[in-house]
1. As an exercise: evaluate Lys270 against (1) surrounded by fewer than 14 Cβ atoms within 10 Å (Cβ to Cβ); (2) basic (Lys, Arg); (3) assigned to a helix (DSSP H, G or I) and give the number of the one condition it does not meet.
2. Could you tell me which numbered condition Leu284 fails, if it satisfies all but one of (1) assigned to a loop (DSSP other than H, G, I, E, B); (2) away from the ligand (no atom under 16 Å from the Cβ); (3) at pLDDT 95 or above; (4) over 22 Å from Ile29 (Cβ atoms)?
3. From the residues in segment 290-309 that are away from the ligand (no atom under 11 Å from the Cβ) and not in a strand (DSSP E or B), which one is surrounded by the most Cβ atoms within 10 Å (Cβ to Cβ)?
4. Any idea how many residues of segment 75-100 are modelled with pLDDT under 95 and part of a loop (DSSP other than H, G, I, E, B)?
5. Determine which member of the set Ile102, Ile61 is touching a strand residue (DSSP E or B) at 6+ places or on another chain (Cβ under 8 Å), surrounded by fewer than 19 Cβ atoms within 10 Å (Cβ to Cβ) and within 26 Å of Phe288 (Cβ to Cβ).
6. Out of the residues in segment 187-221 that are in a strand (DSSP E or B), of a type in the set (Ser, Thr, Tyr) and within 12 Å of the ligand (Cβ to nearest atom), which is surrounded by the fewest Cβ atoms within 10 Å (Cβ to Cβ)?
7. Could you tell me which of the residues Gly32, Gly37 is out of contact with any strand residue (DSSP E or B) (no Cβ under 8 Å at 6 or more places or on another chain), under 21 Å from Arg335 (Cβ atoms), assigned to a loop (DSSP other than H, G, I, E, B) and in the same structural domain as Met209 (by TED's automatic domain parsing)?
8. Within the bounds of segment 245-267, is there any residue that is farther than 19 Å from Thr120 by Cα, in contact (Cβ under 8 Å) with a residue 60 or more places away in the chain, within 16 Å of the ligand (Cβ to nearest atom) and part of a loop (DSSP other than H, G, I, E, B)?
Amino acid sequence: MLKSFEAKIMGNISEYAIATLGSHTALQILRGAKDEGFKTICICQKGQDKLYESYKVADEIILVDSFKDFFQVEDQLIQKNAILIPHGSFVSYLGWEKIQDIKVMHYGTKGILEWESDRTKEREWLTSAGLRLPKIFKTPGDIDRAVIIKFHGAKGGKGYFIANSPEEFYERIQEYSGDDGYVIQEYIVGVPVYTHYFYSPITQELEIMSFDKRYESNADSIGRIAAKDQIDVGIRTSYTITGNIPLVLRESMLPDVFEMGENVVKESRKLSNSLTGEKLTKGLYGPFCLEAIVDPDLRFYVFEISARIVAGTNPYINGSPYTWLKYNEPMSTGRRLARDLKEAIESDRLQEVLG
Ligand code: AMP
């Protein structure tokens, strides 16, 4: 952390503002920050600011042509003593490398974002945390069961396809001309379950905040068309995310879910930043999500981790059944984040949640 920031660190939340990009989970982050008593700043792309004005979640709106221009407004944020909350749009617009250059105060370990952005690294982390992952097939010739082919650059799962044999793979791959690499992953027949966690370095507690499943186009409505018609019109499955659906899990599954989260947090403290070689000693903290398919034997196959707030928490702006158990007041993941910052500031431990 730069010395100039240390000089500005004070024990009263009125000295700070919480800032984020106007998209993804900004509404709940900003509303949650306001509920905790913070000033709020929303960085909006021109033309998208009306929404944030309408909900009155931002005390101030800073306009940019594109989120890619974030660094043009960074000095303004520093002057306002802003604390930045990263979400999915930071990763998709700036990329994990540029995020490392952010100088304004930033909630969360920046280096962790490299580990969620790189499929090989992500796999290494989750495997060492003892989680069960779908098998990866190194070459198409090895395909001996249903597999899902995921293209690295695919936005929202567009273009993914399923194959059952090497022959089917080679036939379908001809349709794709792009030079993006791909991964061949075992296709798990089951149901998707996305678990939203929060780990606070201040309380040193892990919390299960909520669960969701995704609403993906067209995968989630193919079942409305008879199989014969699907084949006749040559429908191809895509997984473009359009929204999130709330979910509660069988209570008997919660202890395992809790343990998975704990193991991932513990293991994250052994990771390091490949650019600097620095060990990520603070590890993963704040909100994160394990994305899994649960098979009929109730085994979790985790295929992805998001090391920051996910959009699946958006159905719970007023809290979830699980946060209600703990808080007895509306507690979104955005608000939980602000509470962590508030407790850190008031106990003079802000540095522990900045990364
Ligand atoms: P992803 O781009 O990895 O988030 O995957 C997009 C969607 O594909 C997920 O939301 C799941 O519905 C589905 N999916 C991904 N991986 C698997 C898998 N290994 N087995 C079954 N379904 C999967």
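1. For Lys270, the exception is condition (3).
2. (4)
3. Ala307
4. Summing the residues that are modelled with pLDDT under 95 and part of a loop (DSSP other than H, G, I, E, B) in segment 75-100 gives 1.
5. Details: Ile61 fails: within 26 Å of Phe288 (Cβ to Cβ).
Sole residue among the options that is touching a strand residue (DSSP E or B) at 6+ places or on another chain (Cβ under 8 Å), surrounded by fewer than 19 Cβ atoms within 10 Å (Cβ to Cβ) and within 26 Å of Phe288 (Cβ to Cβ): Ile102.
6. Taking segment 187-221 first, the residues in a strand (DSSP E or B) are 191-200, 205-218.
Add one more test, that the residue is of a type in the set (Ser, Thr, Tyr), and what stays is 194-195, 197, 199-200, 210, 215, 217.
With the extra rule that they be within 12 Å of the ligand (Cβ to nearest atom), the set shrinks to 194, 215, 217.
Values: Tyr194: 22, Tyr215: 14, Ser217: 16.
Looking at the filtered set, the residue picked out is Tyr215.
7. From the options Gly32, Gly37, the qualifying one is Gly37.
8. Taking every residue of segment 245-267 in turn, none turns out to be farther than 19 Å from Thr120 by Cα, in contact (Cβ under 8 Å) with a residue 60 or more places away in the chain, within 16 Å of the ligand (Cβ to nearest atom) and part of a loop (DSSP other than H, G, I, E, B).
The values are calculated or read from the model by the stated rules, or taken from the named source; none is laboratory data. Bear in mind the structure is a predicted one, so any value in this text is a computation, not a measurement. Every residue, glycine as well, gets a Cβ built from its backbone with ideal geometry; the counts of neighbours run over all protein chains shown.
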